[in-house]
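All remarks here apply to the structure that follows.
The values are calculated or read from the model by the stated rules, or taken from the named source; none is laboratory data. As the structure is a prediction and not an experimental result, all values here were calculated from the model. Cβ coordinates were reconstructed from backbone atoms using ideal geometry, including for glycine residues, and neighbour counts include every protein chain displayed. Heavy atoms of the whole protein, side chains included, go into the accessibility calculation; ligands, DNA and RNA do not. Shrake-Rupley method; radii C 1.70, N 1.55, O 1.52, S 1.80 Å.
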Amino acid sequence: MCVVCSISYATVATTMALTTAPMAPTAQQPCETLSLCQVESALTLPATLSGLAAPSVATPEWLKPKTAVTYSVETRGTITADLAEFKQQAHATLNDSRGWSRLDATFTEVASGGSFTLVLAEASQVPSFSATGCSTTYSCTVGRYVIINQDRWLGATDPWNSAGGTLRDYRHMVVNHETGHWLGHGHEYCGGPGKAAPVMQQQSIGLQGCTFNPWPLDSEIWSSRI
């Protein structure tokens, strides 16, 4: 019988017992009526409930705190691009719900230091970060430095433009791609003709049959750093 039913039944039984029998049964005198047995059962019910453990409730994903990632912004060489626009668009990309924020992370610009440094660099200055890993043609990542080549920021690349990609989507892609290196990713390759390119594919150089894609695929949502 359910607990609530037992208690309700016991309440009625108690009333009946007080009316019909002035004394409850002793240890030597077994219950002879249904009403008195129900009273005895009801009196032991709290001891039964006291042994029950409280259920554990997991914290919903949307209530869990996000990982805070900070970054600073620097320039290298002569900058002709709108720096305020660069900062605003890079910040929007990093915190877009389609991007690396899916790592349950928030990206916040700070005045100096931070987890990494986002650099807008004149093309001729990009190799100064690494003579072997960086060139004047493309963007790159070296250690804590996520370097965006100003020429690419302003004009994307011929393969991207030829495929019909917009400049804003290229900017999303290049920031996501280079930040992806900082997060611990290497390069990926096209998964098949007509498929969306991984954001870690070198889409600036060519699409390999894939369609251009500025955002990390579900399979790329991981990081060895955060």
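What to note about this one:
- Residues satisfying the stated conditions in the stretch 162-219, i.e. modelled with pLDDT under 95 and assigned to a helix (DSSP H, G or I): 162
- Among the residues of the stretch 162-183, just one is of a type in the set (Gly, Ala, Ser), more than 15 Å from residue 91 (Cα to Cα) and buried (at least 17 other Cβ atoms within 10 Å of the Cβ), namely 165.
- Of all residues in the stretch 184-197, those satisfying the criterion of being more than 20 Å from the chain's Cα centre (by Cα) and open to solvent by less than 20 Å² (accessible area, probe 1.4 Å) are 192, 197.
- The stretch 202-222, residues that are open to solvent by 30 Å² or more (accessible area, probe 1.4 Å) and of a type in the set (Ser, Thr, Tyr): 211, 219
- Check on residue 169, more than 24 Å from the chain's Cα centre (by Cα), acidic (Asp, Glu) and over 18 Å from residue 106 (Cα atoms): no
- For the stretch 139-161, a tally of residues being among the aliphatic types (A, V, I, L, M) and either surrounded by fewer than 20 Cβ atoms within 10 Å (Cβ to Cβ) or part of a loop (DSSP other than H, G, I, E, B) (or both) returns 3.
- Selection from the stretch 78-117 of residues that are surrounded by 14 or more Cβ atoms within 10 Å (Cβ to Cβ) and more than 18 Å from the chain's Cα centre (by Cα): 79, 81, 86, 87, 89, 90, 109, 114, 116, 117
- The listed residue being modelled with pLDDT of 95 or more, touching a Gly at 6+ places or on another chain (Cβ under 7 Å) and more than 20 Å from residue 185 (Cα to Cα), out of 74, 122, 109, 85: 122
- Condition check for residue 120 on (1) open to solvent by 20 Å² or more (accessible area, probe 1.4 Å); (2) part of a strand (DSSP E or B): one failure, at (1).
- Subset of the stretch 106-136 [hydroxyl-bearing (Ser, Thr, Tyr) and over 17 Å from residue 80 (Cα atoms)]: 106, 108, 112, 115, 117, 128, 130, 132, 135
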